[in-house]
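I have placed the structure first, in the form of structure tokens, so that the comments after it can refer back to it.
The values are calculated or read from the model by the stated rules, or taken from the named source; none is laboratory data. Computed from a predicted structure; not experimentally measured. So basically every Cβ, Gly included, is an ideal-geometry build from the backbone, and we count neighbours across all protein chains shown.
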Amino acid sequence: MQLLTKNTTLYFATMGTLLFFTFPIFDSNKTVNSSSENKRKKSNQTTFDTLVWSDEFEGKGAINSEKWFHQTKLPPGGSWWGGLIQHYTNREDNTFLKDGHLYLVAKKEKLSDQGEVKEYTSARLNSKFTFTYGRVEIRAKLPKGKGTWPAIWMLNKNINEDGAYWENKGFGTTVWPYCGEIDILEHWGKNQNFIQSGLHNASSYGDKVINIGGHYVENVSDQFHIYSLEWSKEKIVFSVDGIEHYTYKPYKKDTDTWPYDTPYYLILNVAIEADIDPQFVESAMEVDYIRVFQ
């Protein structure tokens, strides 16, 4: 039985971060929910202990339009990059709040939009908040089904991508991948329970991306897990449930390897790949909260 409310939990989480510096804790039994070869060291806490932005997804129905923007405009050519086959919509059928959670629902349904007919719909959100350096924590449960591709990630505010929130505001000056991309988590339904994180930039992008890491985590579609990013001037660290699985710390930091010193915004989406299971009907990414600390 759950005795604590989400707000109460956030209070104790914040207090716990402060107490960390006075009472160091080490749990020798802490492991990833995976095979023994995937045991990792606990992520080292930083001084990012001040909550600067969050969404607890309270309420019912439409999402908070003061915090989020639905990105729905198709790229040139009429399809999303990577051969994806869905329309992103701003409908509550695809994005809504319920029982303190955000739902991003991918569905098998025909929709005509922007002159293109597609057989699947889903949602893609841009945050109206940007930041440079900090810790991000997301408690989420992921959709399932071969061909589903949920992601929680970040793009530079300066990306020149027609239809993105910050591009619409006049900040788009730099093309991808030179702007930089930070993938907090990606999950492919055809590789169930494998969580990947990584970085795209001028030195590592597309089919040539090398800055990636990940591991298997049990029950990512049936249980909530906490996906975290710690981003400082020195390095970027990714973890699941406090267990590190990738650290990016290039020896040489220049415009090719480190476009990570300017503001970034958050993106949540569930994409559909062309090899989607023909029996797929719908599945959702369910997010309990997103919190940013600096």
Which members of the stretch 226-260 meet the condition of being closer than 20 Å to V209 by Cα and either among the polar types (S, T, N, Q) or in contact with a helix residue (DSSP H, G or I) (Cβ under 9 Å, 6 or more places away or on another chain) (or both)?
S239, H245, T247, T255, T257
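Checking the condition at positive phi and at pLDDT 95 or above, which residue from Y178, Y133 passes?
Going through Y178, Y133 in turn, the sole match is Y133.
Residue-wise test of (1) at pLDDT 95 or above; (2) aliphatic (A, V, I, L, M); (3) in a strand (DSSP E or B); (4) over 29 Å from N219 (Cα atoms).
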position	(1), (2), (3), (4)
G77	no, no, no, yes
A106	yes, yes, yes, no
V117	yes, yes, yes, yes
S127	yes, no, yes, no
E137	yes, no, yes, no
L155	yes, yes, yes, no
E161	yes, no, no, yes
F171	yes, no, no, yes
Within the stretch 34-53, considering residues that are charged (D, E, K, R) and surrounded by fewer than 12 Cβ atoms within 10 Å (Cβ to Cβ), the one modelled with the lowest pLDDT
E37
Please go through the stretch 174-193 and give me each residue that is over 18 Å from Y205 (Cβ atoms), more than 18 Å from the chain's Cα centre (by Cα) and either in a loop (DSSP other than H, G, I, E, B) or without any contact (Cβ under 8 Å) to a residue 40 or more places away in the chain (or both), ordered by number.
none
Among the residues of the stretch 101-129, write down those that are surrounded by 14 or more Cβ atoms within 10 Å (Cβ to Cβ) and among the β-branched types (V, I, T).
V105, T121
If you check V136 against the conditions, is it aliphatic (A, V, I, L, M), farther than 23 Å from E282 by Cα and without any contact (Cβ under 8 Å) to a residue 60 or more places away in the chain?
no
Would you confirm whether any residue within the stretch 208-225 is surrounded by 22 or more Cβ atoms within 10 Å (Cβ to Cβ), closer than 19 Å to I290 by Cα and touching an Asp or Glu at 6+ places or on another chain (Cβ under 8 Å)?
no
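If I filter the stretch 185-207 down to residues being in contact with a Phe, Trp or Tyr (Cβ under 6 Å, 6 or more places away or on another chain) and crowded, with 22+ Cβ neighbours inside 10 Å, which single residue comes out as nearest to P250 (Cα to Cα)?
Looking at the filtered set, the residue picked out is L199.
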Note: among K98, K73, just one is at negative phi and surrounded by 14 or more Cβ atoms within 10 Å (Cβ to Cβ), namely K73
Determine the pairs where a residue that is in contact (Cβ under 8 Å) with a residue 12 or more places away in the chain and of a type outside the set (A, V, I, L, M, F, W, C), located within the stretch 53-80, has a partner that is in a strand (DSSP E or B) and exposed (fewer than 14 other Cβ atoms within 10 Å of the Cβ) with Cβ atoms under 7 Å apart, the partner being 6 or more residues away or on another chain.
K60/K98; G78/E116
Counting only residues that are aliphatic (A, V, I, L, M), closer than 20 Å to G77 by Cβ and in contact (Cβ under 8 Å) with a residue 40 or more places away in the chain, how many does the stretch 153-173 have?
2
Go through the stretch 239-260 and report how many residues are without any contact (Cβ under 8 Å) to a residue 40 or more places away in the chain, closer than 15 Å to G180 by Cα and in a strand (DSSP E or B).
0
Please go through the stretch 277-294 and pick out each residue that is within 21 Å of E119 (Cα to Cα) and either of a type in the set (F, W, Y) or crowded, with 23+ Cβ neighbours inside 10 Å (or both).
F280, A284, M285
Those residues of the stretch 54-70 that are under 18 Å from the mean Cα position of the chain (by Cα), acidic (D, E) and either assigned to a loop (DSSP other than H, G, I, E, B) or exposed (fewer than 14 other Cβ atoms within 10 Å of the Cβ) (or both) come to a total of 1
